[in-house]
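Scroll down for the structure; my scribbles are underneath it.
The values are calculated or read from the model by the stated rules, or taken from the named source; none is laboratory data. Source: prediction; values computed, not measured. Cβ atoms come from the backbone with ideal geometry, glycine included; neighbour counts cover every protein chain shown.
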Amino acid sequence: MYITRKNFGDAVKEKIISSDQADALFEFLQTHSHDMPRFTFTHVLYYLGGLVAIGAMTLFMNLGWESFGGAGIVFIAAFYAAAGLIITNLFASKNLNIPAGICATFVVCLTPLAIYGLQQWLGVWPDGGAYRDFHRYIKWHWLYMELGTLAVGAVIAWRYKYPFLIMPIAVTLWYMTMDVTAMLSGGDISWELRKLVSMYSGLLMICLAFWIDIRSRHTADYAFWIYFFGVIAFWGGLSSQHSDSELSKFIYFCINLLMIGAGVLLIRRVFVVFGALGCCGYLGHLASDVFKDSWLFPITLTAIGLCIICLGILWQKHEKAITEKSRKILPSSLRELLETRS
């Protein structure tokens, strides 16, 4: 729920609270919500600066760094990491948790570069490929970098406990599933196999995120990034599947509907967004292929849309009663999670 100063003013007009109480409560909420990510200019600057710095050491790394050699890369990465940890501790001491979390994440993102430099230094790096290819191609020998990133990420996440630290861990898990598949298949990974691996690994990440969500229901939102990349991997792999069967396409539509339902239940927008995209894709298929010459299809679809709107009105009327009754039959841990996130 997004609360503005106007809401407090409306409460004062309705004589629910006094003007002094409204001011005091608004200031209290402002003070205690500054560490929550919000779409404000300050937070945009935080994340923009952090992502630029992280991108410089990951996605936008160029071949110029190869001139430093393995030892040079290791020492530079270590210097950056030390500086990142110092700044993290400085921000943490000032209770600036969001920039502290971004700086700690920057340190985790340096891990693949440091391991790459160490392998180059020790002469155990396989021929072919450079660090900048890490985010572009699937290769088995990225596994050392990924395992090291997971280890460092777990240690720093345990030490600092900032939710944004889960982002590089989630990305690394996604990368690692593809590279493990390449290793097991001898490097000959087909497009069909990639789609299946993406779909099932995404499903496993969603299950992991749900488990983390349950465990961390009383603290911060540590599951967000694992949900995010898990849904992308699952939905991307699912949507890439090809079938000439209309039944399979309808099942795909039903899965996307279930994703929307799960997103509403768990209050996770990423499920709703990708589920809606999948549903629109299926309806587009019906319009362009199955019912392309039917004048009745657009009328039927319009009627279905209006029925859904009416269903939404009924839901709004009885939402409180339905929610209370349905939550009573849920396990206590899941009920607490939904109450905390709502």
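For PHE271, work out the one condition from (1) aromatic (Phe, Trp, Tyr); (2) out of contact with any Leu (no Cβ under 8 Å at 6 or more places or on another chain); (3) surrounded by fewer than 20 Cβ atoms within 10 Å (Cβ to Cβ); (4) modelled with pLDDT of 85 or more it doesn't fulfil. Only one criterion is unmet by PHE271, namely (3).
Could you tell me how many of the residues in the stretch 117-126 are part of a helix (DSSP H, G or I) and among the hydrophobic types (A, V, I, L, M, F, W, C)?
3
Report yes if some residue within the stretch 94-116 is part of a helix (DSSP H, G or I), out of contact with any Cys (no Cβ under 8 Å at 6 or more places or on another chain) and of a type in the set (Phe, Trp, Tyr); otherwise report no. Yes: the stretch 94-116 contains one or more residues that are part of a helix (DSSP H, G or I), out of contact with any Cys (no Cβ under 8 Å at 6 or more places or on another chain) and of a type in the set (Phe, Trp, Tyr).
If the condition is being of a type in the set (Ser, Thr, Tyr), in contact with a helix residue (DSSP H, G or I) (Cβ under 8 Å, 6 or more places away or on another chain) and not in a helix (DSSP H, G or I), then the stretch 179-231 contributes SER185, TYR222.
When the criteria are applied in full, GLY129 fails the requirement of being part of a helix (DSSP H, G or I) and not acidic (Asp, Glu). Pairing each residue of the stretch 15-44 that is under 30 Å from PRO163 (Cα atoms) and modelled with pLDDT of 75 or more with any residue that is surrounded by 12 or more Cβ atoms within 10 Å (Cβ to Cβ) and not hydroxyl-bearing (Ser, Thr, Tyr), provided the two are 6+ apart or on different chains, yields C-beta distances under 7 Å for HIS43/PRO37; HIS43/ILE98. Only one of the numbered conditions (1) modelled with pLDDT under 90; (2) closer than 19 Å to LEU204 by Cα; (3) hydrophobic (A, V, I, L, M, F, W, C) is violated by TRP140, and that is (2). Of note, LEU311 does not satisfy the criterion of being among the hydrophobic types (A, V, I, L, M, F, W, C), surrounded by 10 or more Cβ atoms within 10 Å (Cβ to Cβ) and under 26 Å from the mean Cα position of the chain (by Cα).
Residue count for the stretch 274-303 satisfying the condition of being β-branched (Val, Ile, Thr) and surrounded by fewer than 11 Cβ atoms within 10 Å (Cβ to Cβ): 2. Scanning the stretch 298-342 for residues that are modelled with pLDDT of 80 or more, outside any helix (DSSP H, G or I) and polar (S, T, N, Q) yields nothing. In this structure, does SER294 turn out to be part of a helix (DSSP H, G or I), at pLDDT below 80 and not acidic (Asp, Glu)? So SER294 does not fit the description; no.
Kindly provide the set of residues from the stretch 232-249 that are assigned to a helix (DSSP H, G or I) and loosely packed, with under 13 Cβ neighbours inside 10 Å, ordered by number. Scanning the stretch 232-249 gives GLU246, LEU247, SER248.
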